[in-house]
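A.B. asks: The structure is given below, and queries will be raised subsequently.
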Amino acid sequence: MKRPGEDVTVVAGDSDFAVGDVRFSFLVINHDARPVERSRARVWLAGSQSGRPFQSATARLEPIGPPGAGEAAFGGVGRIYVVQLRIHRPGRYWLVAEPIGAKIQALGTLDVKARSDSVAVGAKAPASATPTLASTHGAVSQLTTRVPPDRDLLRYSIASSLAAHKPFVVTFATPRFCTSRTCGPVVDVVDRVRRKFAARGVRFIHVEVFKQNRPALGYNRWMRQWGLQSEPWTFLVGRDGRIEAKFEGSVSAAELEAAIRQLLS
């Protein structure tokens, strides 16, 4: 933080962290309320605000939504930094991020738990009987708030995909009501990636997050079954029904495609 340049606070894109591999997404916003966007950012991690860093990594700037398409998130932000960290013990950690080529440093904290609130990577996916076009007799308005409707993401349920031993991607998102405005772009990403991998036997599912698609009624039972306290969330599940990867908040097409390719390799 003593390096030359402006000092700001990291704007975190996720918050559910557990011991092990940690994916952290964030923004760096300058004093003019503008995002600082460089292709890479240096990241240092320490056990206290005044402690020496015990880990360093490089964050990559990833697009929010499909490349060249989709809407921006809240405030018109179109890209977000993503860094992969490895944390061995629960506790509070301090992070400094510096976009390469910009004189600005951003300070933030990560509260890492022994177990995540959301279903953990490696755990069995809950057999949620999520609704489909068939189960609702084509009542699309009950299934999605996206306009136009994402019909190709509404054909399969989580439970039937698990029973059929099919690998699948499921995104819990509400394009109409998402406060961060990343839900719509995430659904767009999942639909784009579907076009590349559906022919290889991977299913793609979109699940809305609120009861009757009404925010005043709170999160629905499928959100509770998966331990989700925010949205959007995207999970990759293997043929064995175990979680292979998960993404809180925004996920780029490149990140999701890489995870699927690793699963299918």
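A.B. asks: Scan Val112, Val147, Val189 and give me the residue that is more than 20 Å from the chain's Cα centre (by Cα) and either touching a residue at least 12 places away in the same chain (Cβ under 8 Å) or within 30 Å of His31 (Cβ to Cβ) (or both). Give the steps one after another, and end with the answer.
C.D. replies: Working: Val112 fails: more than 20 Å from the chain's Cα centre (by Cα); Val189 fails: more than 20 Å from the chain's Cα centre (by Cα).
Only one candidate qualifies: Val147.
A.B. asks: A follow-up question, please. With the stretch 1-71 as the region, which strands (runs of 3 or more DSSP E) entirely inside it contain at least 2 residues that are surrounded by 15 or more Cβ atoms within 10 Å (Cβ to Cβ) and either under 23 Å from the mean Cα position of the chain (by Cα) or not charged (D, E, K, R) (or both)? Before the answer, list the steps.
C.D. replies: On the way: elements: 6-9, 20-27, 40-46, 55-63.
Qualifying strands (runs of 3 or more DSSP E): 20-27, 40-46, 55-63.
A.B. asks: Taking the condition of a type in the set (S, T, N, Q), at pLDDT 95 or above and not assigned by TED's automatic domain parsing to the domain that holds Tyr81, does Thr179 pass? Can you show your working first?
C.D. replies: Numbers: of a type in the set (S, T, N, Q): yes; at pLDDT 95 or above: no; not assigned by TED's automatic domain parsing to the domain that holds Tyr81: yes.
In short, no.
A.B. asks: Same structure again: Counting only residues that are part of a helix (DSSP H, G or I) and of a type in the set (Asp, Glu), which one in the stretch 235-261 is nearest to the chain's Cα centre (by Cα)? Break it down stepwise before answering.
C.D. replies: Just the residues of the stretch 235-261 that are part of a helix (DSSP H, G or I), to begin with: 253-261.
Of the ones still in play, those that are also of a type in the set (Asp, Glu) are 255, 257.
Details: Glu255: 10, Glu257: 13 Å.
Checked the stretch 235-261; the qualifying residue nearest to the chain's Cα centre (by Cα) is Glu255.
A.B. asks: Got a number for residues in the stretch 161-195 being in contact with a helix residue (DSSP H, G or I) (Cβ under 7 Å, 6 or more places away or on another chain), among the basic types (Lys, Arg) and within 22 Å of Arg239 (Cα to Cα)?
C.D. replies: Here the count works out to 2.
A.B. asks: Next question. Which is within 30 Å of Arg146 (Cβ to Cβ), in a loop (DSSP other than H, G, I, E, B) and among the β-branched types (Val, Ile, Thr), of Val83, Val119? Walk me through how you get there before you give the answer.
C.D. replies: On the way: Val83 fails: in a loop (DSSP other than H, G, I, E, B).
Just one listed residue meets the conditions, Val119.
A.B. asks: Identify the single condition in (1) crowded, with 18+ Cβ neighbours inside 10 Å; (2) touching an Asp or Glu at 6+ places or on another chain (Cβ under 9 Å); (3) of a type in the set (Lys, Arg) that Arg195 does not satisfy, given that it satisfies every other one.
C.D. replies: (1)
A.B. asks: Among the listed residues Ala97, Ala102, identify the single one that is in the same structural domain as Ile80 (by TED's automatic domain parsing), more than 30 Å from Gln212 (Cβ to Cβ) and part of a strand (DSSP E or B). Step through it out loud before you land on a result.
C.D. replies: Values: Ala102 fails: part of a strand (DSSP E or B).
One residue alone meets the criteria, Ala97.
A.B. asks: Hey, does the stretch 160-179 have a residue that's buried (at least 17 other Cβ atoms within 10 Å of the Cβ), out of contact with any strand residue (DSSP E or B) (no Cβ under 7 Å at 6 or more places or on another chain) and assigned to a loop (DSSP other than H, G, I, E, B)? Show your work before the answer.
C.D. replies: Keep residues of the stretch 160-179 that are buried (at least 17 other Cβ atoms within 10 Å of the Cβ), which gives 160-162, 167-175, 178.
Narrowing further to those that are out of contact with any strand residue (DSSP E or B) (no Cβ under 7 Å at 6 or more places or on another chain): 160, 162, 175, 178.
Filter once more, so that each one left must be assigned to a loop (DSSP other than H, G, I, E, B): 175, 178.
Yes, because at least one residue in the stretch 160-179 is buried (at least 17 other Cβ atoms within 10 Å of the Cβ), out of contact with any strand residue (DSSP E or B) (no Cβ under 7 Å at 6 or more places or on another chain) and assigned to a loop (DSSP other than H, G, I, E, B).
A.B. asks: What is the residue count in the stretch 136-160 for residues that are among the polar types (S, T, N, Q) and under 24 Å from Gly238 (Cα atoms)?
C.D. replies: The initial filter retains those residues of the stretch 136-160 that are among the polar types (S, T, N, Q), namely 136, 141-142, 144-145, 157, 160.
Filter once more, keeping what is under 24 Å from Gly238 (Cα atoms): 157, 160.
Counting residues in the stretch 136-160 that are among the polar types (S, T, N, Q) and under 24 Å from Gly238 (Cα atoms) gives 2.
The values are calculated or read from the model by the stated rules, or taken from the named source; none is laboratory data. Everything quoted here is computed from the prediction, not taken from an experiment. Virtual Cβ from ideal backbone geometry, glycine too; neighbours counted across all protein chains shown.
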